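Beneath this line is the structure, given in structure tokens, with notes to follow.
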Amino acid sequence: MLSRLPGDDALRLVMAASGIGMALADLDGRMQEVNPALCRMLGYDESWLVGRPYLEIVHPDEVEVCIEFVRELMRRPDDMLDQRRRYVCGDGSVLHAHINVALLRDHDGQPLGLLAQIRDIGDELAREASLRARVEHHGAELEVSHRQLQLFADAVTHDLRAPLRAIESFSERLARNLEDRLDDASRDHLERIRSAATRMSDLLSALGRLSQATRAELRIRPVDLSLLADWACAERQDADPARTVQVRIQPGLGIEGDERLLKMMLDEVINNAWKFTRDRSRPLIEIEGGIVDTDEGPRLQLRVRDNGCGFDMRYAHKLYEPFQRLHGPDQGGGHGLGLAIAHRIARRHGGRVRAESTPEVGSTITIELPVRAAGVSMASSGGAPGTTEPAHGETY
């Protein structure tokens, strides 16, 4: 049958000159011709290979896979398939190879036989295995180093809290006990000490939240984000009872995620909005959202909007890095960890955070989170995907 192969003389010349192992087999899988490269690769004589079923040199564990491979080739319109395959060599060793098999046809389009090209990939696989082992080793070393660094940071944070509490407590006692005997300069010095200790304590707390946002195990469940936002705003008002802030929260905003971390994320974003509206005569914070279709699937876009002092968008890329501040203390700027914490929590949920702002007009922080198939959606409040329900208003 193979003698009627079109262009057979040219094909056999190519086979003889090729450095890649090649074999011609009939439709029953018996090898009719093999080239010198294949004989060298497998360690068999040409006289031994020719006439034998191709399956005799295939590794026993892959015979069934090989049979199905050929069946699939006969069904494929493009008449060519490739796979990785193992072969048994003449000395009993195993050859790892990449094989391309083409179905050859005559001038009338009738199947004639199979042409296989076999390339030794043993060295390639060895390099891949070596690289994988090195990556895993370095990854394990990096993980150990990260854990040691985190333990050190946790220990330092813990050990610093006690002296900071002592500084705050004793400076307060000193100010109270010597109130009548302190001049303005001394009173200012004590206030600066207490303020610095408070800022350091807040920073240590934020570092602890950043660590939790990075390391805490995710416990995924349906979460009512509207309820969490209302909770976060109520906590801000309890901590700052002298202020009156109008808050509008859209009901029924739901998602699947870790409730503890999502609450922390909203705490940080709402805390920023609360701080940066401090100088506004009628401060307003709005929390609303909707489900949108994206290239990554349906995603909930949660927007936290305020009418605060805003920031210059040229520096927006700094917002998500720890300790990057766009505002000074007089504008409400803090430790620079708030949006970094929120960003990490969103990333761990497969989402992202982005910010838009106009100086002296306000800012909008958009938190985008994937909607899982089993998750709570906007339908929990009766809203259709992509719609926004009227928000209810609260004045704190």
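Of the residues that make up the range 101-112, is at least one of a type in the set (K, R), modelled with pLDDT under 90, open to solvent by 50 Å² or more (accessible area, probe 1.4 Å) and under 32 Å from the mean Cα position of the chain (by Cα)? No, the conditions are met nowhere in the range 101-112.
With respect to A232, is the statement that it is in a helix (DSSP H, G or I), crowded, with 17+ Cβ neighbours inside 10 Å and touching a residue at least 60 places away in the same chain (Cβ under 8 Å) true? Criteria not met by A232.
Listed here are the residues, each with its yes/no results for (1) of a type in the set (G, A, S); (2) within 23 Å of the chain's Cα centre (by Cα); (3) assigned to a loop (DSSP other than H, G, I, E, B); (4) under 24 Å from R219 (Cα atoms).
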| site | (1), (2), (3), (4) |
| --- | --- |
| P251 | no, no, yes, yes |
| G257 | yes, yes, no, yes |
| M264 | no, yes, no, yes |
| I270 | no, no, no, yes |
| E288 | no, no, no, no |
| I291 | no, yes, no, yes |
| P298 | no, yes, no, yes |
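For residues in the range 213-229 being open to solvent by 10 Å² or more (accessible area, probe 1.4 Å) and not in a helix (DSSP H, G or I), which is nearest to I367 (Cα to Cα)? Top of the filtered list is D224. Filtered by the rule that a residue be out of contact with any Leu (no Cβ under 9 Å at 6 or more places or on another chain), assigned to a strand (DSSP E or B), of a type outside the set (S, T, N, Q) and exposed (fewer than 15 other Cβ atoms within 10 Å of the Cβ), the range 36-95 gives P53, D82, V94. Among residues of the range 181-199 that are touching a residue at least 24 places away in the same chain (Cβ under 8 Å), those with a beta-carbon under 6 Å from a residue that is in a helix (DSSP H, G or I) and of a type in the set (S, T, N, Q) at least six positions away or on a different chain give the pairs I193/S171; R194/S171.
Considering the range 151-176, the residues that are touching a helix residue (DSSP H, G or I) at 6+ places or on another chain (Cβ under 8 Å) and of a type in the set (D, E, K, R) include one that is surrounded by the most Cβ atoms within 10 Å (Cβ to Cβ), namely E168.
The values are calculated or read from the model by the stated rules, or taken from the named source; none is laboratory data. On a predicted model such as this, the values are computed, not experimentally measured, just so you know. Neighbour counts are summed over all protein chains in view; Cβ atoms, including those assigned to glycine, are modelled from backbone coordinates with ideal geometry. With ligands, DNA and RNA removed, areas are computed over all heavy atoms of the protein, side chains included. Shrake-Rupley method; radii C 1.70, N 1.55, O 1.52, S 1.80 Å.
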